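The block underneath contains the structure these notes are about, expressed in structure tokens.
What follows is calculated from the coordinates using simple rules that are stated; it is not laboratory data. Keep in mind it's a predicted model, so treat the numbers as computed, not measured.
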Amino acid sequence: VDPALATYIRKCGELKGMVSCCVFELATQRTIGHIGQRPGPAALASQGASLMASMAESAVAMNLGDAPPDAAITLSNHHLLLRAVPGRPGLALHAVLDRTQANLTLLRLQLQRLDLLLEDADAG
């Protein structure tokens, strides 16, 4: 794993309410990095790839374009966050958050700040 991506994954794991997160290759579901508890990396990669494919397929079917999906799904006790990893084509982040601890709006802003780590590493 490149150092910037390793730092990105570690910092994602430090966000308030984070239970488990995984960066994976969409095409192969190969785990690039994982931090946290359960679900483990294989489950996050498999389910994340499936959800990303469904969202992308729905967008195309409704003529909404083909930009990489970014989704937050709220369950009874958890939030799922699924998004492309900026500057890393073909990679996605799938995160599970404790709903009682995580503020989705704040978390998305924090992830945007973490995105800058990857952009800065690419620029440097």
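Taking a cut-off of 14 Å, what percent of all Cα-Cα pairs in the range 1-54 are separated by more than that?
In whole percent, the share of Cα-Cα pairs in the range 1-54 beyond 14 Å is 51.
Compute from the Cα atoms of the chain the Rg and the Dmax, the latter being the longest Cα-Cα distance, and quote both in angstrom.
Rg then Dmax for the chain, in Å: 13.8, 42.
Counting only Cα, what are the radius of gyration and maximum Cα-Cα distance Dmax of the range 46-116, in Å?
Taking only Cα atoms of the range 46-116, I get Rg and Dmax of 12.8, 36 Å.
Okay, helix-only estimate at 222 nm for the chain: each DSSP H run of n ≥ 4 adds -39500 (n - 2.57), divide by all residues, round to 500 deg cm²/dmol; what do you get?
Dividing the helical sum by the residues of the chain leaves -14000 deg cm²/dmol.
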